[in-house]
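A short write-up of the structure that comes next.
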Amino acid sequence: MALIRRSDIDEVRARINIVDIVGDYVTLKGAGVGSFKGLCPFHDERSPSFHVRPAAGFYHCFGCGEGGDVFTFLQKMDHVTFTDAVERMAARIGYELHYEDGGKGRGDQGARSRLLGANQAAAEFFVTQLATPGADAGRRFLGERGFDPAAAAHFGVGFAPKSYDALSKHLKSLGYTEEELLGAGLVGKGDRGLYDRFRGRLVWPIRDTTGQTLGFGARRLFDDDQGPKYLNTPETAVYHKSQVLYGLDLAKRDIARGKKVVVVEGYTDVMACHLAGVTTAVATCGTAFGGDHITVLRRVLGDVANSDTTATGEVIFTFDPDEAGQKAASRAFAEEQRFAAQTFVAVAAEGLDPCDLRLQRGDGAVRALVESRKPMFEFMIRRRLADHDLDTVEGRVAALRASAPVVAGIRDRALHAGYIRNLAGWLGIDPSDVAKAVDAADKGAPAGQPRRPQGDPQEQPSQSAERPRASITDLPSDPATRLERDALMAILQQPAEVGREYATRASQVRMANASLAVVRDAIAATLDDFESPQWLQRVISEVPEPFADLVKQLSVAPIPEQDGRELTVYCKGITSSLIARDLLSRKADLLGRLQRTDATAEPERFRELQTELVRVEQERRTFGPD
C-alpha cells in the first residue's frame, strides 16, 4: 500500500474543521472561547467531559482519556484505517493527495465518489420501488418473515423491478455514464446493450462502516428467474465481498461498546437479530467468513490480547445444522486463532436460523439463542467426538486422536488445562493420557502465542505503550502547578492573543513541575514557527512520545476564563503572571547573592549583580501584570 506524503496529511488536517466532523457524531455546545463540549462517544457519562478545540484540531475526553486529531477520531468511531481516514477527509475538501515514490492510493478519488454516488442513487431507487404495485412479491416475502415496512426502511431494503433497464435509465437521467454504471456493478452488457443486473428481486444495500453503499445483495422472488437464489454485486473498485459485512454500519457502535459481535449467515438473520435486540449481528455477503472479515471485526472490537493472553471480547457464530453450516463452522474454526477475543458457537435446538426462530418463537428466543452460546473449542471437540463410537475402546482412542489437536490449539493456559480435564471426562480416559495425546498433537505452534494480523503501515502509534504517559489529570493541584498549566494552555490554545514576545519569555521560566517543563522546552524549540497553522503539531512532535498526550490535553482543556473578561487580557495576564513569578524568584536570588558579595573585595562581581538586578526589575515592569 502506497504511503501518503506527510506534508499532504498535515495539509488535510489543517484544512479540516474538526468540529464539523465530530459534530456528525456528537452534539456539541460552546464551552468558552474557541472550545466545544459534549457527551463522550467512547464511554457512557451523564455530564459532558468531551472537549473539542477547532483551533488546535484536537479532541480530548477528561472522563475516559480518549483523545487525538480528526484522523484518530474517524479511526475510532468508524473503525477505518489511518489511510482511509486521510483519504476520506481529502475527498471531502477536494484535496488531491500525493503518495510516496510516485505510488497511488486506491485510484482516483473522484471516480470512487462517482461509483459510491451511483450506488446510493440505486439504493434510493430500490427503496422507492418497494412501495409500487409490482413489488407485491417482495413485500409479501418480508411480511411472511415478520418484517414490517418500518423494518424494511430501517435496513434500507428495496425492490429491483422486473425490467430490463429501469434502473439504468433512472441513473442515466441523473447524469451517470454507462462506464460508471458498469464500474459500480449495477448493470451488465450484452448483445442488446446494457441491462440491469438486479431484476425482479428483493435488494439489501451493503454498506461500509461509514454508511456508504458499496454494493447490493439481491434475493430471487419469481419462479421464472433462472439466476441464483442470492445475487451480489460483482467485485468493483469499491466493493470487495471478502472485506464487507452486512449490517456492520448499524452494529459497529454496539460492537465497540460491548466488545461482542454475533456472526450470522444471512441478511434476514441480521434483521431478525437486530429487531430482537441483538444489535451486534452481522453477516458475510455471498462468501465464506475469512481472514479479511476477521481483520475488519478485530478493528471494530479493539481486539488486542493483553500480556497474559486473556481475551475480553466475544465473537459468536451461528451456524445452520446442515452440512453447509457444519462446513462453515469448520472454516470459522480454522481462522479462530486470529482473534484475541474468545470465540463461541450458538445453534438453536431444532436447527432454526435466527429469522425462523424469531418468527416461530419470538424475540426472546433469539436473545436466548445468543446467550446459550458454547465455546468454539467445546463445539469443535464435541463435533469430532460425535463421529466416533465412544462405547468401544477403539472408538474412544480414535476420538482422542481426532480431538487432541483442537485442545493443543487453545492459547489460554487455564482453558488449555481445563479442556484436557473435560476431554478426559467425556471420553472416560485418564487425564494424563489425554495430556500426552495433546502434547503429541502440538507440532511446534505453542498455545498462548496468537498470531498478530498485520496492521495498516500508516497506522498511528498505539497509545497502549507500557511506558507511563504524562496526563493533565495527573498534575498536582498546588497553586504553582496550576499557574504553569494555565499559562501553557493559553500559549498553546491562543498563541495570537499571547503574542510571540510573551511566549518567548515564558519559554525561559523555571518550572516546578517536570512534565510541564518538557512542554515548555518544546515551545522554546519551535518558536520559529510560532502562530503558524502547523505550530502545535511541531510542539507535539518535539516532545518525547510519552508527553504527546499532555500537549494535546493542554491544547484542548477549557481555559478557566472569567465571564466578561477579554480573551487577550486573560491570556496575557496569565502568561505575565508566570513570567512575573519567575522574575520575582530571580530577583530574590540576586538580592541574596548581592548580600553575600563583598563590594570591596569583589567590586566587579558586585557591579555585575547590581546590573542584573536592574535588568530583572526592568523586565518585571515590561512583563508584569497590567
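The values are calculated or read from the model by the stated rules, or taken from the named source; none is laboratory data. Remember, predicted model here, so these are calculated numbers, not experimental data. Cβ placement follows ideal geometry from the backbone for every residue including glycine, while neighbour counts extend to all protein chains displayed. Ligands, DNA and RNA are stripped out before the accessible areas are found, and what is left, the full protein with its side chains, is counted by its heavy atoms. Shrake-Rupley method; radii C 1.70, N 1.55, O 1.52, S 1.80 Å.
Structure notes:
- Selection from segment 321-363 of residues that are loosely packed, with under 15 Cβ neighbours inside 10 Å and at pLDDT 80 or above: Gln360, Gly362
- Cβ-Cβ distances below 6 Å connect the following pairs, each with a first residue in segment 282-296 that is surrounded by fewer than 21 Cβ atoms within 10 Å (Cβ to Cβ), a second residue that is among the polar types (S, T, N, Q) and not in a loop (DSSP other than H, G, I, E, B), and a separation of six or more residues or different chains: Gly286/Asn232; Thr287/Ser242; Gly290/Ser242; Asp292/Ser242; Asp292/Gln243.
- Counted residues, segment 528-541 - those being surrounded by fewer than 15 Cβ atoms within 10 Å (Cβ to Cβ) and part of a helix (DSSP H, G or I): 3
- Residues in segment 575-624 that are of a type in the set (D, E, K, R) and not in a helix (DSSP H, G or I): Arg596, Asp598, Glu602.
- Filtering Arg13, Arg5 for residues that are more than 17 Å from Asp549 (Cα to Cα) and more than 21 Å from the chain's Cα centre (by Cα) leaves a single hit, Arg5.
- Asp208, sole failed condition from (1) at pLDDT below 95; (2) surrounded by fewer than 18 Cβ atoms within 10 Å (Cβ to Cβ): (2)
- You will find that of Ala601, Ala503, Ala557, the residue that is touching a strand residue (DSSP E or B) at 6+ places or on another chain (Cβ under 9 Å) and either open to solvent by 70 Å² or more (accessible area, probe 1.4 Å) or within 30 Å of Gly30 (Cα to Cα) (or both) is Ala557 and no other.
- Long-range neighbours under 8 Å by Cβ, at least six apart or interchain, first residue under 15 Å from Arg482 (Cβ atoms) and surrounded by 19 or more Cβ atoms within 10 Å (Cβ to Cβ) within segment 577-589, second of a type in the set (Asp, Glu) and at pLDDT 80 or above: Leu578/Glu484
- Filter result for the condition that a residue is in a loop (DSSP other than H, G, I, E, B), without any contact (Cβ under 8 Å) to a residue 40 or more places away in the chain and aliphatic (A, V, I, L, M), over Ala496, Ala512: Ala512
- All conditions but one from (1) open to solvent by 10 Å² or more (accessible area, probe 1.4 Å); (2) within 25 Å of Cys571 (Cβ to Cβ) apply to Gly94; the one that does not is (2).
- Residue in segment 268-281 that is open to solvent by 50 Å² or more (accessible area, probe 1.4 Å), charged (D, E, K, R), assigned to a helix (DSSP H, G or I) and in contact (Cβ under 8 Å) with a residue 12 or more places away in the chain present: no
- Number of positions in segment 143-190 that are within 24 Å of Ser113 (Cβ to Cβ), outside any strand (DSSP E or B) and of a type in the set (A, V, I, L, M): 7
- Complete set of residues in segment 218-237 that are open to solvent by 10 Å² or more (accessible area, probe 1.4 Å) and of a type in the set (A, V, I, L, M, F, W, C): Leu221, Phe222, Leu231, Ala237
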